[in-house]
């Protein structure tokens, strides 16, 4: 799709270049969503790829993922650090049934900030209790859980001019045992529900993250692996199920409960 109202492209090479952002001026990363439909209000694109951010930085604290890292790069993250959660990276990427063209340009930051309920990078980094680094428009930095960054269907907690710089995943989360389930109404359809369980390697606490079926990521936390009854009761307490062409709210609630129980059983067996 041509954005025929755009008359200016700014290559962001320093943080000061982000001052261009504002009404009618938007960030450009991969552009897979930005160029998908016309928006006559946009007149300026601020190209974040010009920063040249390294896709991944691995430290003693864990893994930092640049907002401009692509889905393909995330799917190909090497398994050479002994992270038990490593399979989750590729698994979540497969929840985006785009062509190789989309995978090669769509970015972590764009996927999260677009805030579609079925955003697979939102699912991935929420489940890992990852933290987003936000470059605020006033020049300050803000760190916020990814699960809190997305607030609803296409809405976020970002203010005008804010930019998602990177995602930080702790070494503790990377060492967690995880289990992943995804369901859709058709074999190559948009996710109707993505459910991820994570068992903490230190205190054996359990967190279940439900997304795609809800307008924002929902997380259920337990001191340890819950019983089937406890888990089902917690899921029934979620109030953000929604209905669209990819599934009805009652179906999403029902299948999420079934997938959650599969995850509970899988992680129970893995912990023995």
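If I filter region 177-185 for residues that are within 23 Å of residue 144 (Cβ to Cβ) and outside any loop (DSSP other than H, G, I, E, B), do I get at least one hit?
Among the residues of region 177-185, at least one is within 23 Å of residue 144 (Cβ to Cβ) and outside any loop (DSSP other than H, G, I, E, B), which makes the answer yes.
From the list 198, 165, 216, pick out the single residue that is in contact (Cβ under 8 Å) with a residue 24 or more places away in the chain, touching a strand residue (DSSP E or B) at 6+ places or on another chain (Cβ under 6 Å) and assigned by TED's automatic domain parsing to the domain that holds residue 107.
165
For region 262-272, what are the residues that are part of a helix (DSSP H, G or I) and in contact (Cβ under 8 Å) with a residue 24 or more places away in the chain?
262, 263, 264, 266, 267, 268, 270 - these are the residues of region 262-272 that are part of a helix (DSSP H, G or I) and in contact (Cβ under 8 Å) with a residue 24 or more places away in the chain.
Search region 222-264 for residues being loosely packed, with under 14 Cβ neighbours inside 10 Å and touching a helix residue (DSSP H, G or I) at 6+ places or on another chain (Cβ under 9 Å), and hand back the single one that is farthest from residue 129 (Cα to Cα).
243
Filter region 201-213 down to residues that are in contact (Cβ under 8 Å) with a residue 40 or more places away in the chain, outside any strand (DSSP E or B) and in contact with a helix residue (DSSP H, G or I) (Cβ under 8 Å, 6 or more places away or on another chain) and give me whichever is surrounded by the fewest Cβ atoms within 10 Å (Cβ to Cβ).
Among them, the one singled out is 201.
Can you tell me which residue is farthest from residue 61 (Cα to Cα) among those in region 127-141 that are surrounded by 15 or more Cβ atoms within 10 Å (Cβ to Cβ) and more than 15 Å from the chain's Cα centre (by Cα)?
137
Taking into account only those residues within region 221-261 that are in contact with a strand residue (DSSP E or B) (Cβ under 6 Å, 6 or more places away or on another chain) and part of a helix (DSSP H, G or I), which is nearest to residue 181 (Cα to Cα)?
Only one residue tops the list, namely 259.
Can you find even one residue in region 90-109 that is surrounded by fewer than 18 Cβ atoms within 10 Å (Cβ to Cβ), in contact with a strand residue (DSSP E or B) (Cβ under 9 Å, 6 or more places away or on another chain) and free of Cβ contacts under 8 Å to residues at least 40 places away in the same chain?
Yes, region 90-109 contains a residue that is surrounded by fewer than 18 Cβ atoms within 10 Å (Cβ to Cβ), in contact with a strand residue (DSSP E or B) (Cβ under 9 Å, 6 or more places away or on another chain) and free of Cβ contacts under 8 Å to residues at least 40 places away in the same chain.
Listed here are the residues, each with its yes/no results for (1) under 21 Å from the mean Cα position of the chain (by Cα); (2) part of a strand (DSSP E or B); (3) surrounded by 13 or more Cβ atoms within 10 Å (Cβ to Cβ); (4) at pLDDT 95 or above.
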residue	(1), (2), (3), (4)
6	no, no, yes, no
19	no, no, yes, no
32	yes, no, yes, no
54	yes, no, no, yes
74	yes, no, yes, yes
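The values are calculated or read from the model by the stated rules, or taken from the named source; none is laboratory data. Remember, it's a predicted structure, so these values are computed and weren't measured experimentally. Virtual Cβ from ideal backbone geometry, glycine too; neighbours counted across all protein chains shown.
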